[in-house]
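Participant: My questions all concern the structure below.
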Amino acid sequence: MDIVKLDGFLLKKALTGAVNYLILNKEEVNDLNVFPVPDGDTGTNMSLTAKSSLKQVETVENVKSIEEIAKAAARGSLMGARGNSGVILSQLLRGFSEGLAGLEEASVEDLAHAFKKASETTYKAVMKPTEGTILTVGRETADFALKSFKQYTDIITFLRDVIEEANISLEKTPEKLRVLKEAGVVDAGGKGLVVLLEGAYKALIGENIESPEEDDVLKSKAQKEIILGPVDSDIKYGYCTEFIINTDYNDIENFKEKLAPLGDSLLVVGGEGSGLIKVHVHTNNPGQALEYAVKLGELQDIKIDNMRYQHKEILFKQSEVDQAKKEEAREKETKVEKDYSFITVSMGSGLDEVFKSLGVDAIVEGGQTMNPSTEDFLKAIDEVTGKSIFIMPNNSNIILAAEQARDLSDRDVYVIESKSIPQGVAALLAFNEELDVKTNIENLSSAINDVISAQVTYAVRDTQMNGKNISEGDIIGLSGKEIVSSGKDINVTTLELIDKLMNDDISMITLYRGEDVEEESSESLLDELQEKYSDLDIDLINGTQPLYYYIISLE
């Protein structure tokens, strides 16, 4: 049966199929990550972002309107975006929504223009767009749609040919990006986009895409907020209250002033024409907060938890439980406003302690395999009290989510583009409280370029890169986007990695030991390094990070 017009019901059906199909195929997308390291998470990040999008769609009452469904999908993805691929997906959905603004239903021509608007939005969101990625696949697909829509009246036939063009674009990504060609894979983000389109198409032609069973990986990574501990009557504000307001109201500051006397940990984001305000507050009177909110618009996703009672969630790792307890303890402390606050991303109790010793106010748990969401950063921003807030993402795949949180927040937030733990440490060491914000930004940004970062992990698949044949299970030494050393022994591979990165300007080596390395083995490595580089300062710190045997800083 032909579909001449796509309304809200059909778009919701298509989105549901797209999200379910991506979740079912997320490991295929994960496996396409260029580096054969145990943190390929493009499929996981896109799935989490898409799930957040669909959750928002399922709350829409006016399902008939394609504008409302598209707007809800964009809203949900914005807050749930994780990793670069997730942020780009959220921007695709935002642009797609803007392209359908004002429409009750969409024709082939409307969809073609929405595809183009989606592509343009993603390019604007990325400071230095790289061709051969999801950006290229989105652009070339949109260009085809815009060029050829006049040939179609049936949306099904149009979408089928759009997907064929998307696959052609995907297959050509290795020709545009050398690292893909060397690894023998297509772009993972581009593949994720194609899978989403295919899922939407299958749903529209009537194929039954079964809802995936509850995925423990997605569930544990998506749920960040937990409340643990015994009954506690000392908690000042007992109800963690969250909700979303559908409204055209834009005076966020005035609304925050109304809510502020009700409690603490207040987070209000949205407005500015988005049609959405998201609220989080700890209060003893959630009804009063809801009463203020309902005057502004319709409420949805209302969640009220009593923090004075114990809530156990067995899916959370002990590290996550410990982190929640620390967060609860911090909330009890009196918040003192200060000039500067620091937020950093870290994974591993040892690394956490390093950052705390350097004055970090809030640690967002995450890194490789578990990229924080935009909302995770917004909550951290709300937690700290500095007039100026610096965020160190410490991972190239987390920078966009941090920047998206910065743009959503109404506070003075600055993202220092640290791409590794050593760069984050270097930035913090370069901070000078006596200098103004602009000078500190310059100094911190400069400091991250003065350190050489490296990591040692293991290969999860066979590959060939930079003339090296890598076998599954091999130990590999990485620096930036290059595999520098490989072998069968952790210490030997680590020594080779450091040797190849060494230069005359380096005076200090710092090694952060991972949780899977025995202390005796690391001490042996330290002895070898001290003997070989006796004129350098060499330090060994127990970082307890997962997956990476060593994180290395050369300064």
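The values are calculated or read from the model by the stated rules, or taken from the named source; none is laboratory data. Given the structure is predicted, the values throughout are model-derived calculations rather than measurements. Every residue, glycine as well, gets a Cβ built from its backbone with ideal geometry; the counts of neighbours run over all protein chains shown.
Participant: Scanning for something among the charged types (D, E, K, R), in a helix (DSSP H, G or I) and free of Cβ contacts under 8 Å to residues at least 12 places away in the same chain, does the range 399-414 turn up at least one residue?
Facilitator: So in the range 399-414, the residues among the charged types (D, E, K, R) come out as 403, 406-407, 410-412.
Next, from what is left, pick out any that are in a helix (DSSP H, G or I): 403, 406-407.
After this cut, where a residue has to be free of Cβ contacts under 8 Å to residues at least 12 places away in the same chain as well, the list is 407.
Yes.
Participant: Quick check on my filter: what residues within the range 343-364 are of a type in the set (Asp, Glu) and crowded, with 20+ Cβ neighbours inside 10 Å? Let's see the steps before the verdict.
Facilitator: We begin by selecting, within the range 343-364, every residue of a type in the set (Asp, Glu); these are 352-353, 361.
The answer is Asp352, Asp361.
Participant: Under the condition of being free of Cβ contacts under 8 Å to residues at least 24 places away in the same chain and outside any helix (DSSP H, G or I), which residue from the range 173-213 is nearest to Ala112 (Cα to Cα)?
Facilitator: Gly206
Participant: Considering only residues that are among the hydrophobic types (A, V, I, L, M, F, W, C), farther than 26 Å from Met508 by Cα and under 26 Å from the mean Cα position of the chain (by Cα), look in the range 438-471 and name the one that is modelled with the lowest pLDDT. Spell out the reasoning first.
Facilitator: Step one: of the range 438-471, the residues among the hydrophobic types (A, V, I, L, M, F, W, C) are 441, 444, 447-448, 451-452, 454, 456, 459-460, 465, 470.
Then keep just the ones that are farther than 26 Å from Met508 by Cα; that gives 459-460, 465, 470.
Among the residues that remain, those that are also under 26 Å from the mean Cα position of the chain (by Cα) are: 459-460.
Working: Ala459: 86, Val460: 80.
Top of the filtered list is Val460.
Participant: Report yes if Gly350 is part of a helix (DSSP H, G or I) and modelled with pLDDT of 85 or more, otherwise no. Working first, answer last.
Facilitator: Values: part of a helix (DSSP H, G or I): yes; modelled with pLDDT of 85 or more: yes.
Here the answer is yes, as Gly350 does meet what is asked.
Participant: Within the range 103-133, how many residues turn out to be within 23 Å of the chain's Cα centre (by Cα) and in a loop (DSSP other than H, G, I, E, B)?
Facilitator: 8
Participant: Checking Ser507 against (1) closer than 18 Å to Val425 by Cβ; (2) surrounded by fewer than 18 Cβ atoms within 10 Å (Cβ to Cβ); (3) in contact with an Asp or Glu (Cβ under 6 Å, 6 or more places away or on another chain): exactly one of these is not met. Which one?
Facilitator: All conditions pass for Ser507, except number (3).
Participant: For the range 415-444: of the residues being in contact with a Gly (Cβ under 8 Å, 6 or more places away or on another chain) and in a helix (DSSP H, G or I), which is nearest to Gly86 (Cα to Cα)?
Facilitator: Going through the qualifying residues, I end up with Ile421.
Participant: Sticking with this one: The conditions are (1) more than 24 Å from Leu358 (Cβ to Cβ); (2) of a type outside the set (Val, Ile, Thr); (3) touching an Asp or Glu at 6+ places or on another chain (Cβ under 6 Å), and Lys387 fails exactly one of them. Which is it?
Facilitator: Failed condition: (1).
Participant: Here's another thing I want to ask about it. Based on this model, can you work out whether Ala329 counts as part of a helix (DSSP H, G or I), at pLDDT below 80, closer than 21 Å to Ala380 by Cβ and of a type in the set (A, V, I, L, M, F, W, C)?
Facilitator: Working: part of a helix (DSSP H, G or I): yes; at pLDDT below 80: yes; closer than 21 Å to Ala380 by Cβ: yes; of a type in the set (A, V, I, L, M, F, W, C): yes.
The answer is yes for Ala329.
Participant: Related question: Within the range 110-140, take every residue that is β-branched (Val, Ile, Thr) and in contact (Cβ under 8 Å) with a residue 40 or more places away in the chain and give me the one that is surrounded by the most Cβ atoms within 10 Å (Cβ to Cβ).
Facilitator: So the residue we want is Val137.
Participant: With the condition kept exactly as written, say whether any residue in the range 388-399 is aromatic (Phe, Trp, Tyr) and closer than 22 Å to Ser85 by Cβ. Outline the logic, then answer.
Facilitator: Step one: of the range 388-399, the residues aromatic (Phe, Trp, Tyr) are 390.
Pick out the ones that are also closer than 22 Å to Ser85 by Cβ and you get none.
Among the residues of the range 388-399, not one is aromatic (Phe, Trp, Tyr) and closer than 22 Å to Ser85 by Cβ, which makes the answer no.
Participant: Give me the pairs: first residue in the range 444-468 and of a type in the set (Lys, Arg), second residue part of a strand (DSSP E or B), beta-carbon distance under 7 Å, and six or more apart or on different chains, which are they?
Facilitator: Note: pairs meeting the criteria are Lys468/Ile483; Lys468/Ser486.
Participant: Taking Leu111, is it closer than 22 Å to Leu276 by Cα, out of contact with any Pro (no Cβ under 6 Å at 6 or more places or on another chain) and not assigned by TED's automatic domain parsing to the domain that holds Glu472? Steps first, answer last, please.
Facilitator: On the way: closer than 22 Å to Leu276 by Cα: no; out of contact with any Pro (no Cβ under 6 Å at 6 or more places or on another chain): yes; not assigned by TED's automatic domain parsing to the domain that holds Glu472: yes.
No: the conditions fail for Leu111.
Participant: Here is a list: Glu61, Glu140. Which entry is touching a Ser or Thr at 6+ places or on another chain (Cβ under 6 Å) and among the acidic types (Asp, Glu)? Break it down into steps so the answer makes sense when it comes.
Facilitator: On the way: Glu61 fails: touching a Ser or Thr at 6+ places or on another chain (Cβ under 6 Å).
The match here is Glu140.
Participant: Also, quick follow-up: Can you spot a residue in the range 120-133 that is over 19 Å from Ile277 (Cα atoms) and of a type in the set (Lys, Arg)? Spell out how you get there, then give the answer.
Facilitator: Step one: list which residues in the range 120-133 are over 19 Å from Ile277 (Cα atoms), which gives 120-133.
Subsequent filtering for residues that are of a type in the set (Lys, Arg) retains 124, 128.
Scanning the range 120-133, I find at least one residue that is over 19 Å from Ile277 (Cα atoms) and of a type in the set (Lys, Arg), so the answer is yes.
Participant: Evaluate the range 425-442: report whether one residue or more is at positive phi and buried (at least 20 other Cβ atoms within 10 Å of the Cβ). Lay out the reasoning, then the answer.
Facilitator: We begin by selecting, within the range 425-442, every residue at positive phi; these are none.
No, the conditions are met nowhere in the range 425-442.
Participant: While we're looking at this one, here's another question. Would you confirm, using the coordinates I've provided, whether Glu434 is over 23 Å from Lys338 (Cβ atoms), charged (D, E, K, R) and out of contact with any Cys (no Cβ under 7 Å at 6 or more places or on another chain)?
Facilitator: On the way: over 23 Å from Lys338 (Cβ atoms): no; charged (D, E, K, R): yes; out of contact with any Cys (no Cβ under 7 Å at 6 or more places or on another chain): yes.
Judged against the criteria, Glu434 is not a match.
Participant: Sort out which residues of the range 39-97 are among the hydroxyl-bearing types (Ser, Thr, Tyr) and over 28 Å from Thr130 (Cα atoms), and write them in order of number. Before you say what the answer is, go through the steps one by one.
Facilitator: So in the range 39-97, the residues among the hydroxyl-bearing types (Ser, Thr, Tyr) come out as 42, 44, 47, 49, 52-53, 59, 65, 77, 85, 90, 97.
Those that are among the hydroxyl-bearing types (Ser, Thr, Tyr) and over 28 Å from Thr130 (Cα atoms): Thr59, Ser65.
Participant: Which residue, of Ala454, Ala447, is touching a helix residue (DSSP H, G or I) at 6+ places or on another chain (Cβ under 7 Å), among the aliphatic types (A, V, I, L, M), surrounded by 15 or more Cβ atoms within 10 Å (Cβ to Cβ) and part of a strand (DSSP E or B)?
Facilitator: Ala454
Participant: Could you grab me the full set of residues in the range 486-504 that are surrounded by 22 or more Cβ atoms within 10 Å (Cβ to Cβ) and more than 23 Å from Asp462 (Cα to Cα)?
Facilitator: Residue satisfying the conditions is Ile498 alone.
Participant: Further question: Among what's in the range 76-102 and is in contact with a strand residue (DSSP E or B) (Cβ under 7 Å, 6 or more places away or on another chain) and not in a helix (DSSP H, G or I), pick the residue that is surrounded by the fewest Cβ atoms within 10 Å (Cβ to Cβ).
Facilitator: Ranking the qualifying residues of the range 76-102, first place goes to Leu100.
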